[in-house]
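What follows draws every value from the coordinates through simple rules; no lab data is involved. On a predicted model such as this, the values are computed, not experimentally measured, just so you know. Note that each Cβ is placed from the backbone with ideal geometry, even for glycine, and that neighbours are counted across all protein chains shown.
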Amino acid sequence: MATNKRKHEKQGGPSAKKVPPWMEGLKQAMENPDLKVLETDKAVVIKDKYPKARHHYLVLPKENISNLKSCQKEHVELLEHIHEIGANLKTRHENSAFRLGYHAIPSMSQLHMHVISQDMISDCMKTKKHYNSFTTDYFVPSETILKMLKRDGKVDINAKDMKLCLEMNLRCHLCGESQKNIPTLKKHLLLEDSKKNRGK
Ligand code: AMP
């Protein structure tokens with residue numbers, strides 16, 4: 001009985017933990033034609049409403065899966081499908097480098113993989129937490145998640161260590177240079193970007 005209950009909760013059944021309405025925003029966004037980029041039979045791609053880089057997408061399963069903790073071995077195929085969609089999205093922007101991955105501790109409910117260009121230039125990138133969440137170990141590559149799921153049948157993330165990542169000193173993810181604050185980091189990233197474009 002206890003096992004069935006746990007399974008039910010994992011699948012988001014009626015006894016699943018209630019989350020505040022704002023955490024459910026991505027489920028509505030999946031239905032929003034202004035945000036939806038493409039869909040397959042199993043997943044939907046939306047534009048991130050508050051992009052933290054020039055190109056920032058979210059890939060979400062249609063199946064109700066709250067987060068990585070709810071994933072089991074049976075989800076490997078679905079997560080591989082999500083990864084493949086992300087890899088295809090990259091080809092839309094040939095001049096940009098991308099990373100595909102998950103936040104160790106997501107803020108929003110419904111599993112979502114970030115597909116984010118590595119310029120990290122965006123007006124919505126406003127805080128150290130924003131930046132560090134995409135440039136430290138807090139951002140877990142999709143391949144790592146798949147490896148864990150295939151090997152262990154679950155995704156195990158040390159929440160305590162991950163929270164520390166968000167508090168780390170600012171450091172440019174491209175060259176490693178230490179940055180005093182977000183405004184200096186933003187100037188530095190623009191400079192790095194123009195250097196890169198001049199080199200083309
Ligand atoms: P996280 O849960 O930390 O992995 O990140 C959630 C992502 O969802 C962030 O990058 C937000 O900018 C994005 N986001 C939040 N609300 C919405 C929304 N209503 N529509 C699309 N993207 C959203």
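Tabulated data for the structure shown
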item: Highest to lowest packing among 69-75, 20-26, 101-107, 113-119, scored as the average C-beta count within 10 Å; result: 113-119, 101-107, 69-75, 20-26
item: When the convex hull of its Cα atoms is projected in every direction, mean area for the range 24-65 (nm²); result: 3.0 nm²
item: Note, ³J(HN,Hα) from phi for the range 136-141, Karplus 6.51, -1.76, 1.60, rounded to Hz, x at Gly and Pro; result: 10, 5, 4, 8, 9, x
item: Reachable aspartates and glutamates, given that their alpha-carbon falls under 17 Å from the alpha-carbon of LYS150 and they are not under 8 places away in the same chain; result: GLU74, GLU77, GLU80, GLU84
item: Area projected by the alpha carbon convex hull of the range 19-168, averaged over all directions, nm²; result: 8.7 nm²
item: Contact order normalised by residue count of the chain, Cα under 8 Å, 6+ apart, percent; result: 19 percent
item: Net length gained if the chain between LYS150 and LEU190 were fully extended (0.36 nm per residue, minus Cα distance); result: 10.5 nm
item: Partner aspartates and glutamates for LYS36 [C-alpha distance under 12 Å; skip if fewer than 8 residues away on the same chain]; result: ASP48
item: Spatial separation of Cα centroids for the range 46-106 and the range 130-200, in angstrom; result: 16 Å
item: Nonlocal amide H pairs with ASP119, under 5 Å, H built at 1.01 Å; result: ARG54
item: Net charge of Cβ neighbours under 13 Å - reference MET168; Lys, Arg +1; Asp, Glu -1; result: +1
